Each structure stands twice: as structure tokens, then as C-alpha cells.
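The values are calculated or read from the model by the stated rules, or taken from the named source; none is laboratory data. These numbers were taken from a predicted model, which means no experiment stands behind them. Neighbour counts run over all protein chains shown; Cβ positions are idealised from the backbone, glycine included.
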Amino acid sequence: MGVATDFISIKTRGKTDIIDITADVCERLSGTGLAKGCVTVFVSGSTGGLTTIEYEPALVSDTKTFFDKLIPSNAPYAHDATWGDANGHSHLRSTLLGPSLTVPFVDGELTLGTWQQIIFIDFDNRPRNRKLILQFIGE
Amino acid sequence: MGVATDFISIKTRGKTDIIDITADVCERLSGTGLAKGCVTVFVSGSTGGLTTIEYEPALVSDTKTFFDKLIPSNAPYAHDATWGDANGHSHLRSTLLGPSLTVPFVDGELTLGTWQQIIFIDFDNRPRNRKLILQFIGE
Amino acid sequence: MGVATDFISIKTRGKTDIIDITADVCERLSGTGLAKGCVTVFVSGSTGGLTTIEYEPALVSDTKTFFDKLIPSNAPYAHDATWGDANGHSHLRSTLLGPSLTVPFVDGELTLGTWQQIIFIDFDNRPRNRKLILQFIGE
């Protein structure tokens, strides 16, 4: 049993930029030499989120549309009125989706479905450089 | 310390079918012989989700009503227009809820509340055979 | 490698009370002597949830407003009609947000961002005494 820590650095465009990080997580998993366990992917920061999706352009677009409608960028937020950040909507989307995703792996492979990819969503209202944490626990 | 992998196979009716899998997870936990740690329940696929609920018929109905209203099955989605799958809403609900749930166990028992059950929700628009992954990590 | 279990007891006011538990989680982490791994924070019960936020008063207010609007307390719910509990909305908010959060730690410190705090939200419609479970797995 052991713990292996790794990182993924990505540049995002912000504005609910939806990025497929599956290949990166798979590559880092291979590097650990672990056969079975779980990986937790985590974003340090309060304007991003992690989940899975069938990563194809139409669904990526539908997902952005959904968040834009549910938590509009141009609605009034106390956060924006107080701090002038204009990213109150980014924070709310992140809090709702959550900063963390845990995925099991077996025989050295993530247990994702064929049409299921791990995504990082950058909800902030500007481009960001992000460093995601990958914590692998297993044997 | 060790990792124990197990599976739950279930037939669902789809259409936001909400299934109580608590007894199955408890049974699999007993089989591992582990006393304390965490179990991650994961669905391979991008039209299901995991969470907890007080599993009683009225709340199960309220939960289905909530998702039907928040992300309607008959609204226009780019995914449906592109692929003709008619399950764009299923994907969005799954992405929002998330494919994974992690629950601690102590003294060989899940730390659930008395009125709290683990549920798998099948958001797809047709019956499915699902194989959920249970990854137990502990000692 | 090992597992360390700890607890946080808190009194809440209910009604989407949003409580910063970061300092408590940090303190418990120090007590474990573990350097790297993950902590899962879990609420036993079906009317609470865990996530992260930039914990400042305006965003705390925005988050409460968001949930009040998305899942109103005064809408009709089958749960309330059946049981007379008047907390159907509390259950739905909890099911949506999820009862669990997993955060990596490295070099004995949580990998949170500077403006990112761990929050417990008590969605119930009355004050509650809560005992959150912290399950640390690492080395």
C-alpha cells in the first residue's frame, strides 16, 4: 500500500471552459506503478470543479449552456457588489459541482466507461493557470 | 492496509430510476473483512449518478420531479440534435450529480445515518444493466 | 499506511446554515501524524452537505440565496404532504450537493487554495447537533 502524489498543470480560458484531463490522469496512474486503488483529483481554488462527461462537442456545449442558465453570469450577486470581482457566478457553480472527484482503478486502469471522460471545468471569468492535485492511494 | 474491489450488478428501468443499494454495499463490506476505511462507489458510464437520500417513496418521487423540472427531458439539447440519442438530459443530470460517492466505515459498519441510504440513479432514457464498482480501502 | 478516524461536533442553526470547518479539519489532520493521503469528510444524515467555498459573508449569502431559489422551502413536496416534516426541500438540497467531500493532503497540509474553505451546510429546517466523520487514509 502506498500514496503517490502528482499534478496536472493546465492553461484554461475560464468562462466555464470544460477540459478533458482523462489522458493525463491515465498517464500519471501508469507512472505510479499502482495496480488497484482510487485517485482523487482536486482543484485548489474556489472557482473550478471536477466531474465526468461523455466528452463530445455537443454535450460540452449543452453543459456550458446549462450552467449559464442555472447560475447566470449577469445576475446580481452580493459577492460582486462587495468585491467587484464579477465572478460570483463562478464561485456558486464551483460550490455546487464540487472541487473533487474520486475514481477507482483496477489492474492499473481507471474504471471509466468507454464514453466517460474526466473533466475539469474552469468557471472563473478569465483565463487561469491551474495546477490540479492527483492523489493516488492503492497497492 | 489493503484494497478490496467488488461489484454490484443491477437492472434498472432508466428514466431517473432511483435504487437503494445500501444493503448490497453493507454485504460487500462484510465480505472484505476490513474494519475501518472508505468505500468509493462508482458508475462506469456517463448517464448515472450516486448520492444519499432518506429512501422513502415520497422523497424518491420528489427527487425525480426535481430533476425532471431542472433538466427537462423534452428541452432542446445539442447532443440530441447531433446524435439523435434523446438522452442529452440524462448526460447533464449525471454530470451535475457526479458518478462517484465515498463513504467512511468504522468498526466494520458504514457511517450512514439511520434515515440515510446510498442510491444509484439511472438517468438514461431506457432500461440498463449496470455494474457498479465498489473500491474499499482500509485496514 | 494507516487509517485515522476523528469527529467534529457542531451545533447548527439549520435553514442552510453554512459553517467553515477548515480549522477543525486541519487540527485533526495534525493529530493523525500522517504526511500524505486523503481525508473524507462525511455527514451522517440526509439533510446536510459538504463542499468548498471562498468563505466570505457575501458569498455565503449568495449560496443561501441560490439554494432558496433553486429548491424553495415553501414549494409543495410529497415528503412534506406524507410526513408533515416541512423539510422536503432540506432533503433535496442534500441529495443534490452530496454528503461527502474528499480532500488530499501533502506534507501534512490540506491542498486547499488560499481562498478556499471546507464547509458543512445544514439544510434542515431547525437547529441540529451534528457529528461529522473525518476518515484520514495515508502514510
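With the structure loaded, tell me whether A:SER73 is within 26 Å of C:ASP107 (Cα to Cα) and either modelled with pLDDT under 95 or not acidic (Asp, Glu) (or both) or whether it fails that test. Quick ask: steps written out before the conclusion?
Working: within 26 Å of C:ASP107 (Cα to Cα): no; either modelled with pLDDT under 95 or not acidic (Asp, Glu) (or both): yes.
Considered against the rule, which asks whether it is within 26 Å of C:ASP107 (Cα to Cα) and either modelled with pLDDT under 95 or not acidic (Asp, Glu) (or both), A:SER73 comes out as no.
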Check your understanding: Of B:ALA86, B:ALA78, which residue is farther than 25 Å from B:VAL60 by Cβ and modelled with pLDDT of 95 or more?
Key -> B:ALA78
Review point. Just one of C:LEU134, C:LEU96, C:LEU70 is over 13 Å from the mean Cα position of the chain (by Cα) and either more than 21 Å from B:THR40 (Cβ to Cβ) or surrounded by fewer than 23 Cβ atoms within 10 Å (Cβ to Cβ) (or both); which is it?
Key: C:LEU70
Practice item. Could you list all residues from segment C:73-93 that are farther than 15 Å from B:GLU54 by Cα and crowded, with 18+ Cβ neighbours inside 10 Å? Key: C:SER73
Check your understanding: Quick one: is A:PRO127 at the interface with another protein chain (Cβ under 7 Å from one of its Cβ atoms) and either in contact with a Pro (Cβ under 8 Å, 6 or more places away or on another chain) or modelled with pLDDT of 95 or more (or both)?
Key -> no
Revision key, fill the gap. Those residues of segment A:99-116 which are buried (at least 21 other Cβ atoms within 10 Å of the Cβ) and not hydrophobic (A, V, I, L, M, F, W, C) amount to A:PRO99, A:SER100, A:THR102, A:PRO104, A:THR111, A:GLN116
**Study point:** Subset of segment C:11-60 [of a type in the set (Phe, Trp, Tyr) and touching a Pro at 6+ places or on another chain (Cβ under 7 Å)]
**Key:** C:PHE42
Point to revise | Matching residues in segment A:13-71 - criterion: being among the aliphatic types (A, V, I, L, M), without any contact (Cβ under 8 Å) to a residue 24 or more places away in the chain and away from chain B (no Cβ under 12 Å) | key: A:ALA23
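Given the condition among the hydroxyl-bearing types (Ser, Thr, Tyr) and closer than 23 Å to C:SER90 by Cβ, answer yes or no: does some residue in segment B:26-49 qualify? If you could, list the steps in order and put the result at the bottom.
Filtering segment B:26-49 down to residues among the hydroxyl-bearing types (Ser, Thr, Tyr) leaves B:30, B:32, B:40, B:44, B:46-47.
In the following step, the residues that additionally are closer than 23 Å to C:SER90 by Cβ were identified as none.
Looking through segment B:26-49, none of the residues is among the hydroxyl-bearing types (Ser, Thr, Tyr) and closer than 23 Å to C:SER90 by Cβ.
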Check your understanding: Are any residues in segment A:88-122 more than 14 Å from chain B (Cβ to nearest Cβ) and in contact with a Gly (Cβ under 9 Å, 6 or more places away or on another chain), and if so, which ones?
Key -> A:SER90, A:ASP122
Check your understanding: When you look at C:THR82, is it over 30 Å from A:VAL39 (Cα atoms) and β-branched (Val, Ile, Thr), yes or no?
Key -> yes
Check your understanding: If you take the residues in segment B:12-27 that are surrounded by fewer than 20 Cβ atoms within 10 Å (Cβ to Cβ) and assigned to a helix (DSSP H, G or I), which one is farthest from the chain's Cα centre (by Cα)?
Key -> B:GLU27
Exercise for review: Mind listing whichever residues of segment B:73-86 are within 10 Å of another protein chain (Cβ to nearest Cβ) and either polar (S, T, N, Q) or in a helix (DSSP H, G or I) (or both)?
Suggested key: B:ALA78, B:HIS79, B:ASP80, B:ALA81, B:THR82, B:TRP83
